[in-house]
1. In region 13-35, which residues are without any contact (Cβ under 8 Å) to a residue 12 or more places away in the chain and not in a helix (DSSP H, G or I)?
2. Output the residue which, of all residues in region 13-39 that are modelled with pLDDT of 80 or more and within 24 Å of the chain's Cα centre (by Cα), is nearest to PRO112 (Cα to Cα).
3. Is at least one residue of region 2-12 touching a Ser or Thr at 6+ places or on another chain (Cβ under 8 Å) and in a loop (DSSP other than H, G, I, E, B)?
4. Do we have any residue at all in region 136-145 that's of a type in the set (Lys, Arg), assigned to a strand (DSSP E or B) and buried (at least 18 other Cβ atoms within 10 Å of the Cβ)?
5. Under 6 Å between Cβ atoms, at least 6 apart or on separate chains: pull out the pairs that start in region 84-104 with a residue that is assigned by TED's automatic domain parsing to the domain that holds TYR311 and end on any residue that is assigned to a helix (DSSP H, G or I) and surrounded by fewer than 19 Cβ atoms within 10 Å (Cβ to Cβ).
6. Would you check if VAL24 is within 18 Å of MET317 (Cα to Cα), surrounded by fewer than 19 Cβ atoms within 10 Å (Cβ to Cβ) and not small (Gly, Ala, Ser)?
7. So PHE303 ticks every box in (1) closer than 21 Å to ARG89 by Cα; (2) aromatic (Phe, Trp, Tyr); (3) surrounded by fewer than 16 Cβ atoms within 10 Å (Cβ to Cβ) but one. Which box is left unticked?
8. Quick check on this structure: which one of LEU160, LEU197, LEU190 is in the same structural domain as VAL122 (by TED's automatic domain parsing), within 26 Å of the chain's Cα centre (by Cα) and without any contact (Cβ under 8 Å) to a residue 40 or more places away in the chain?
Amino acid sequence: MPSQVDQSALGLRVLTMRDATDEVDVIIEMAGALDVQWLDLMRARGKTVVYLCCGQPFAGLAEAAVFEKPGCFSRPDRCDEIWLLPEYRVFTQFQRMLHRCPVHIVPYLWAPQFVEERIREVEALGYSFGWKCGVQRDGLRTAIMEPNISVAKTSVISMLACDEAYRADPSSIQAMHVLNTLHMKDHPTLLHLANSLDLVRHHKTTFHGRHDIVGFMVQYADAVVSHQWINEQNYSYLDALYGDYPLIHNSDWLNEFGAGYYYPGFDATRGGEKLRFARESHDENLETYRNRSRAVFQAIDPFAQHNLDAYAERLMMLRSSARVSKRSSYA
């Protein structure tokens, strides 16, 4: 695990599946696939299994076959319930049909613990994380941090939004940094797109590999431009908001709080307009911007009572359903 993850402070135990067999009553699978035979054994012993879906389920299922990518497809009827994050609510019936079990929406959670650890690390090296108010800038230095491994989160619209802002006002952008692109920097389609942009033609664009957001922002950027497709709850967005950086985004969820600078859907033109607006007014609106971000953080705080209650209720209902199912099987 990364050094920022203090497992002892969190009180976590790491067990093999074999060691966990007699230790647990509820198994929650996420970000990986557990052995189906072990899950069958556990369910036969009266345990309950939940699949907590933390990635866009349609893209994960379709892209592996369509783009001939390595994929993993575990037996869909391996679990008793599916838990979906709110951003994937639209896939509820899709998941219910695929997995043949109940589907429930559970809260999305985030806390600044890991980003704070990284902030302390960069501060020890003489860097300061966060928007610097009152600094004279020759345009914003934008960072595009989408992973570019799925159509759910790519840099295409963000690049167009930055170029739109630059074409309208060349002083609005000093540099555009496009992260997570080295694996496709020589692809003809990306080259065609990049070479059509004024920011590339005028040598104001750099393509990078993967970087952590804190370490990158303190050195190279002071605004984040993002785009997603049915993937609107992203930790990188929250990390940017935590640093008070201008976040230009198309997340309807964040827009409900008025957080960041919102543009709808795939509207790169509006995205460029929002980027120029952020450059002109972010200092002036910083206190309001910060308060709206705090409202987001409070809503998704893992230790907030409404989130603790929601998960506790879900677990109690899960075990209650398991007991009823077990009695029915004996009858």
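The values are calculated or read from the model by the stated rules, or taken from the named source; none is laboratory data. What you are looking at is a predicted structure, and each value in this text was computed from that prediction instead of being measured. Because the Cβ atoms are built from the backbone with ideal geometry, glycine has one as well, and the counts that use them run over all protein chains shown.
1. Across region 13-35, the qualifying residues are ARG13, VAL14, LEU15, THR16, ASP22, GLU23, GLY32.
2. That would be MET30.
3. No, there is no match, as no residue in region 2-12 is touching a Ser or Thr at 6+ places or on another chain (Cβ under 8 Å) and in a loop (DSSP other than H, G, I, E, B).
4. Here is the first cut: in region 136-145, the residues of a type in the set (Lys, Arg) are 137, 141.
Filter once more, keeping what is assigned to a strand (DSSP E or B): 141.
Then keep just the ones that are buried (at least 18 other Cβ atoms within 10 Å of the Cβ); that gives 141.
Looking for residues that are of a type in the set (Lys, Arg), assigned to a strand (DSSP E or B) and buried (at least 18 other Cβ atoms within 10 Å of the Cβ), one finds at least one in region 136-145, hence yes.
5. As it stands, the answer is LEU98/PRO76; HIS99/PRO76; ARG100/ASP77; VAL103/THR92; VAL103/ARG96, since those pairs meet every condition given.
6. Working: within 18 Å of MET317 (Cα to Cα): yes; surrounded by fewer than 19 Cβ atoms within 10 Å (Cβ to Cβ): yes; not small (Gly, Ala, Ser): yes.
Yes.
7. (1) is the only condition that PHE303 fails.
8. That would be LEU190, the only listed residue that is in the same structural domain as VAL122 (by TED's automatic domain parsing), within 26 Å of the chain's Cα centre (by Cα) and without any contact (Cβ under 8 Å) to a residue 40 or more places away in the chain.
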